[in-house]
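Undergrad: Below are the structure tokens for one structure; questions will follow.
The values are calculated or read from the model by the stated rules, or taken from the named source; none is laboratory data. Keep in mind that this is a model prediction, so the values were computed, not measured. Note that we place each Cβ from the backbone using ideal geometry, even for glycine, and neighbour counts take in every protein chain shown.
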Amino acid sequence: MVDLIAEKLRTDLLAVFDDPAYRPPVLPSVAMDVMTVAERDDADVDEIVRLLERDQMLAATVLRLVSTPLYAGRTPIRSLKAAVIRLGVRVIRDVVFEAAIARGVFRTGEYSDTLALVARHSTVTAYITRMVCRRAAVDADLSFICGLLHDVGFAGLLLAVKHVEGSAAPSLAMLWPHVDHLHERASCLLVESWGLPRDVIEVVGHHHHLHTGMTARIAASVRLADHLTEYFDCSIVGPKVDGERLPGDHIDAFDLETAAAELGLDDAAVKHILADAERTIPEIAIM
């Protein structure tokens, strides 16, 4: 009987995404426009600045980031254009997406504490993914966004519960095993609904599966980075039950070994990645 109830809940959760009345979380149009411009070979700094000026919160996020030790230079930044020049168009794209996701997806009252932990995990995964790609000589263009969005399905599913159940929504402890089971599929459906590039959809929608082809090394980088978040106490965890948080987003040892082999990284290389991360992740995790 319990299995039947669980299966119905899983079916209902995914059915929400096919419901014409359901509206998934919407990303700010500025974020989508910045991504479009950043994909062009002739991406123009002034055009990026004009886009950021349409959204004061995103502009403020860029200015705040450029003043942190991660990006600060010898000369203080005093304008949005100078910030864009220092960070570069593609870093700006990643920063804007990070801020847009935090603002538009990982917020819902009843589950806000757990979604804050998911958001922190996603952000830390994104930064570590970029580090893994650099160490493994992977083309890291979209790696940050793949790391950022790989677990967005957790938020999408919890928002879907509120859409279906309203005030009668089950407790998070009851929902958590099913949300955890379905989050990969839900992540895929969300990024598809946003019209993101095919490679992002492929990696995000199958981040717990082995990949072949063009996305294999980015997917392996996300899997390894996902695991390395635990060294900074930023793993995915659910609500507390009997004083302990429920685990989630498990990556088994075989997947880790396969990811490291795909990337050509041995234990020493992974230690170097962790050393790089130690210099920046603690600050990022509390931003």
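Undergrad: Say we look at the range 205-224 and pick out the residues that are under 14 Å from the mean Cα position of the chain (by Cα) and free of Cβ contacts under 8 Å to residues at least 40 places away in the same chain; which of these is farthest from Glu257 (Cα to Cα)?
TA: Here the residue is Gly205.
Undergrad: If I filter the range 45-63 for residues that are among the acidic types (Asp, Glu), closer than 19 Å to Ala126 by Cβ and at pLDDT 85 or above, do I get at least one hit?
TA: The answer is no, given that none of the residues of the range 45-63 is among the acidic types (Asp, Glu), closer than 19 Å to Ala126 by Cβ and at pLDDT 85 or above.
Undergrad: Further question on the same structure: Residue by residue through the range 183-230, note down the ones that are among the small types (Gly, Ala, Ser) and in contact with a Ser or Thr (Cβ under 8 Å, 6 or more places away or on another chain).
TA: Gly205, Ala220, Ser221, Ala225
Undergrad: Could you say whether any residue in the range 144-165 is at pLDDT 80 or above, within 25 Å of His208 (Cβ to Cβ) and among the β-branched types (Val, Ile, Thr)?
TA: yes
Undergrad: Restricting to the range 265-279, give me the number of residues that are in a loop (DSSP other than H, G, I, E, B) and surrounded by 12 or more Cβ atoms within 10 Å (Cβ to Cβ).
TA: 1
Listed here are the residues, each with its yes/no results for (1) under 18 Å from the mean Cα position of the chain (by Cα); (2) under 20 Å from Leu149 (Cα atoms); (3) among the charged types (D, E, K, R).
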site: Gly248; (1), (2), (3): yes, yes, no
site: Ile251; (1), (2), (3): yes, yes, no
site: Phe254; (1), (2), (3): no, no, no
site: Ala261; (1), (2), (3): no, no, no
site: Gly264; (1), (2), (3): no, no, no
site: Val270; (1), (2), (3): no, no, no
site: Ile273; (1), (2), (3): no, no, no
site: Arg279; (1), (2), (3): no, no, yes
site: Ile284; (1), (2), (3): yes, yes, no
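Undergrad: Can you pull out the helices (runs of 4 or more DSSP H) entirely within the range 59-148 that have at least 2 residues that are farther than 22 Å from Leu196 by Cα, in the same structural domain as Met174 (by TED's automatic domain parsing) and within 15 Å of the chain's Cα centre (by Cα)?
TA: Passing ranges, in order: 112-136.
Undergrad: Can I ask one more? Given Ser221, Ser187, which one is small (Gly, Ala, Ser), over 19 Å from Ala253 (Cα atoms) and either modelled with pLDDT under 85 or touching a Leu at 6+ places or on another chain (Cβ under 8 Å) (or both)?
TA: Unique residue meeting the criteria: Ser187.
Undergrad: Somewhere in the range 250-257, is a residue buried (at least 18 other Cβ atoms within 10 Å of the Cβ) and more than 22 Å from Ala155 (Cα to Cα)?
TA: Yes: one or more hits.
Undergrad: Just checking, does the range 67-84 include any residue being under 19 Å from Val237 (Cβ atoms) and modelled with pLDDT under 85?
TA: No - not one qualifying residue is present in the range 67-84.
Undergrad: Would you pick out the residues in the range 232-244 that are touching a residue at least 40 places away in the same chain (Cβ under 8 Å) and either surrounded by 15 or more Cβ atoms within 10 Å (Cβ to Cβ) or small (Gly, Ala, Ser) (or both)?
TA: Correct list: Phe232, Cys234, Ser235, Ile236, Val237, Gly238, Pro239.
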